[in-house]
Structure formats: C-alpha cells, structure tokens
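Read-outs: derived from the displayed coordinates by stated rules, not from any lab. Just so it is clear, the model here is predicted, and its values are computed rather than measured. Neighbour counts run over all protein chains shown; Cβ positions are idealised from the backbone, glycine included.
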Amino acid sequence: MRVRPDEAHVNVGVVTTAATAEQTGAQNAEDSEAAIAELRKVLGSEADIHTTGYSLNPDYHYQPGGGSPTITGYTANNTVEVRIDDLKMVGKVIDAVTANGANTISGIQFTLRDERQVRAEALKQAALNARANAEAIAAALGVRVIGLASAETSEVQVPRPMMAMAREQKAFATTPIEPGTIEVHAEVQVTLEVTP
C-alpha cells in the first residue's frame, strides 16, 4: 500500500575553509549560527533541530614526487538535522538557510509522524490477501476452508525514501520539493483448516 508522508527531515550543513584551524572554526561557527537562527525564524523558536556531525580537518597538498604532504589550510563541516512538519515548507527552508550561512543540503527524508495506523492497515490488507490466496488454492484443490489454524506476521516495512542534493550559497527561486508517496510492505502467513 502507498501512503503520503507527513513530515520531512533535512540535513543542513555549513562547510568553511581557511588558512588556520582557528579561522576555519570561527567562520564555521558564525555561519552555522546564522543558518540555525534562520531555521528558527522560518520554523519557529521550538523547531526540532539537532547536530548530526562536526569535523575540523587539515587540507593536505601531496608532492608529485612523493615526500611529506604539506598543510594548505583547514576545512570545517557542521551539520544539523531539522524536522519539518509542513511539507510545503521544505523548499522554503532550503532557500532560507542557503541564503543565510548554509552551503550544503543533503539526505532529505520523508517519513510518517505516527506509523501505527499505517502498520495496522498494511497488516489488515496482507491478511485479507493471504486469506483470498488460500481460498483460491483450496477451491482449485476441491476443498473448502472451514477455519484458521495459525497466522504469522513479519515486520511491517515502512521505507524512508531519501534524496540527496546540494545548493549554491545563494538561492534565486523557490526550490521545488516533491515528497511523493511511501510504499509500506507487510507479510502475513496463514494456515487454514480445510474440509473436503
């Protein structure tokens, strides 16, 4: 069965480079603060934002003939994940943060806030399909289904489609984002009692 997602998770990143680790870290902190402030401005002060990664590493230049590499500068990367409840806001959020500090957007994930109802419906449909298939087999064998001996279910799978993308620092048009649908899989195995 297919259902429409009702929330999105977006990774917003700030990558900076500079000559020294101190300069790189300071610039990254400033740009990251601006991006997070913009997220809270667009989504509200209680926006669900959390850091998923931070790194500060030297950049090396390797000599063509070998020898020890030399440090040419440093790169810092700070990434936060934000949860967006209104899917119509995803493109606006991307545009807002890329215009205010962020320069990488990745791992857009469309999910369901509450999967319980979808799981229950998927199991119901799987059970009905299993019963229909069993009755078709019984009819072909010339027997009649009279009861249920057992039923087993597997884990209901609710996939989370992902889309990776990158944006330039400045956005000039609203970024189109299409959440599509999520395909939910459930499996039910039934053993039915039959009579001639």
Task: Pairs of lysines in the chain (C-alpha under 25 Å apart; 8 or more residues apart or interchain) - done: 5
TODO: Within the chain, what's the longest run with no trypsin sites (Lys or Arg not before Pro) in a DSSP loop and at most 15 other beta-carbon atoms within 10 Å? Give the range, please.
DONE: 1-112
Task: Cα pair distances in the range 9-95, grouped into 5 Å bins until the bin that holds the longest one, percent each - done: 3, 14, 21, 17, 13, 11, 8, 5, 4, 2, 1, 0
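Calculate, for Ser68 and Val15, the FRET efficiency according to 1/(1 + (r/R0)^6) with r their C-beta to C-beta distance and R0 30 Å; round to the nearest 0.05.
Working: r = 26 Å, r/R0 = 0.87.
Computed FRET efficiency for Ser68 and Val15 comes out at 0.70.
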- [ ] Sticking with the crude label model, points 7 Å out along Cα→Cβ, report the distance from Gln117 to Gln189 in nm, one decimal please.
- [x] 3.2 nm
Task: Residues Glu33 and Asp86, FRET efficiency given R0 of 30 Å [Cβ-Cβ distance, rounded to 0.05] - done: 0.80
Task: Under 17 Å from the Gln109 label point (7 Å along Cα→beta-carbon), backbone N, the range 44-64 - done: 48-54
Open item on the list: How are the alpha carbon pair distances in the chain distributed across 10 Å bins from zero to the largest one, expressed in percent?
Closed with: 8, 24, 20, 16, 12, 10, 6, 3, 0
- [ ] For an R0 of 35 angstrom, estimate the FRET efficiency from the Cβ-Cβ distance between Thr52 and Ala132 and round to the nearest 0.05.
- [x] 0.20
Task: Sites matching chymotrypsin sites (Phe, Trp or Tyr not before Pro) across the range 24-127 that sit in DSSP coil, with at most 15 neighbouring C-beta atoms within 10 Å - done: Tyr62
TODO: Within the range 122-142, which residues have the backbone N less than 17 Å from the label spot 7 Å out from Leu148 along Cα→beta-carbon, could you tell me?
DONE: 122-136
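Within the chain, which DSSP H helices have Cα atoms that stretch 20 Å or more along the helix axis and a mean Kyte-Doolittle hydropathy of at least -1.0?
Length and hydropathy pass: 21-43, 116-141.
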Task: Cα point-scatterer Debye curve for the range 72-121, base-10 log of I(q)/I(0) at q = 0.25, 0.26 Å⁻¹ - done: -1.05, -1.10
